[in-house]
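A.B. asks: First, the structure itself, so that you have it in front of you.
The values are calculated or read from the model by the stated rules, or taken from the named source; none is laboratory data. Predicted, not measured: the structure shown is a model, and the values here were computed from it. Cβ atoms come from the backbone with ideal geometry, glycine included; neighbour counts cover every protein chain shown. These area figures cover heavy atoms from the full protein model, side chains too; ligands, DNA and RNA do not enter into them. Shrake-Rupley method; radii C 1.70, N 1.55, O 1.52, S 1.80 Å.
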Amino acid sequence: MHEMSLAEGILQIVESQAAPSPKVHSVTLSVGELAGVELTSLKFCFDVVTRDTLAEGALLEIESVPGSAFCFDCLAQVPLSRRGEPCPKCGGYQLTVVGGDQMKVKSLEIE
Ligand SMILES: [Zn+2]
């Protein structure tokens, strides 16, 4: 499962950033609208992979980052909430995603 490997990646980052703190209270992620991450599934996987780690029981907070794309038809940067949707300005499909397609660990609250 895609989200399981993402959750494992998050845990690795959390463990390396939190050390030598014994406990992580919460993890804030920024997740792009276009990152293709199923958030409910990610939260579930996070709970699973953090069992018996310093992040066990940590709250996973998610900040959504709006998607944006560059349209080659109207030569403008436009908001895009889903891949495959047309340009909201001109209805064209010549779009290249330029933002909101990544996921990263933004901050940790540790003991
Ligand atoms: Zn356009």
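A.B. asks: Going by the conditions given, is T28 part of a strand (DSSP E or B) and either closer than 30 Å to T96 by Cα or touching a residue at least 12 places away in the same chain (Cβ under 8 Å) (or both)? First the steps, then the outcome.
C.D. replies: Values: part of a strand (DSSP E or B): yes; either closer than 30 Å to T96 by Cα or touching a residue at least 12 places away in the same chain (Cβ under 8 Å) (or both): yes.
Answer is yes for this residue.
A.B. asks: Can you say whether P88 is open to solvent by 50 Å² or more (accessible area, probe 1.4 Å), farther than 29 Å from S21 by Cα and touching a Gly at 6+ places or on another chain (Cβ under 7 Å), as far as the supplied structure shows?
C.D. replies: On the way: open to solvent by 50 Å² or more (accessible area, probe 1.4 Å): yes; farther than 29 Å from S21 by Cα: yes; touching a Gly at 6+ places or on another chain (Cβ under 7 Å): no.
The answer is no for P88.
A.B. asks: Now a separate question. Are any of the residues in the range 71-94 under 15 Å from the mean Cα position of the chain (by Cα), among the hydroxyl-bearing types (S, T, Y) and assigned to a strand (DSSP E or B)?
C.D. replies: Let us first name the residues in the range 71-94 that are under 15 Å from the mean Cα position of the chain (by Cα), namely 81-82.
Going one step further and asking which of them are among the hydroxyl-bearing types (S, T, Y), we end up with 81.
This time we only want the ones that are assigned to a strand (DSSP E or B), so: none.
Among the residues of the range 71-94, not one is under 15 Å from the mean Cα position of the chain (by Cα), among the hydroxyl-bearing types (S, T, Y) and assigned to a strand (DSSP E or B), which makes the answer no.
A.B. asks: Also: Quick test for you: out of V65, V97, V49, V105, pick the one residue that is at pLDDT 95 or above, within 16 Å of the ligand (Cβ to nearest atom) and within 28 Å of M4 (Cβ to Cβ).
C.D. replies: Details: V65 fails: within 16 Å of the ligand (Cβ to nearest atom); V49 fails: within 16 Å of the ligand (Cβ to nearest atom); V105 fails: within 16 Å of the ligand (Cβ to nearest atom).
Answer to the selection: V97.
A.B. asks: To continue, here is another question. Among the numbered criteria (1) assigned to a loop (DSSP other than H, G, I, E, B); (2) modelled with pLDDT of 95 or more; (3) open to solvent by less than 70 Å² (accessible area, probe 1.4 Å); (4) in contact with a helix residue (DSSP H, G or I) (Cβ under 9 Å, 6 or more places away or on another chain), which one does E56 miss?
C.D. replies: Every condition holds for E56 apart from (3).
A.B. asks: Taking the range 11-20, which residues are out of contact with any Leu (no Cβ under 7 Å at 6 or more places or on another chain) and open to solvent by less than 30 Å² (accessible area, probe 1.4 Å)?
C.D. replies: Filtering the range 11-20 for residues out of contact with any Leu (no Cβ under 7 Å at 6 or more places or on another chain) gives 11-13, 16, 19-20.
Answer for the range 11-20, where residues must be out of contact with any Leu (no Cβ under 7 Å at 6 or more places or on another chain) and open to solvent by less than 30 Å² (accessible area, probe 1.4 Å): just L11.
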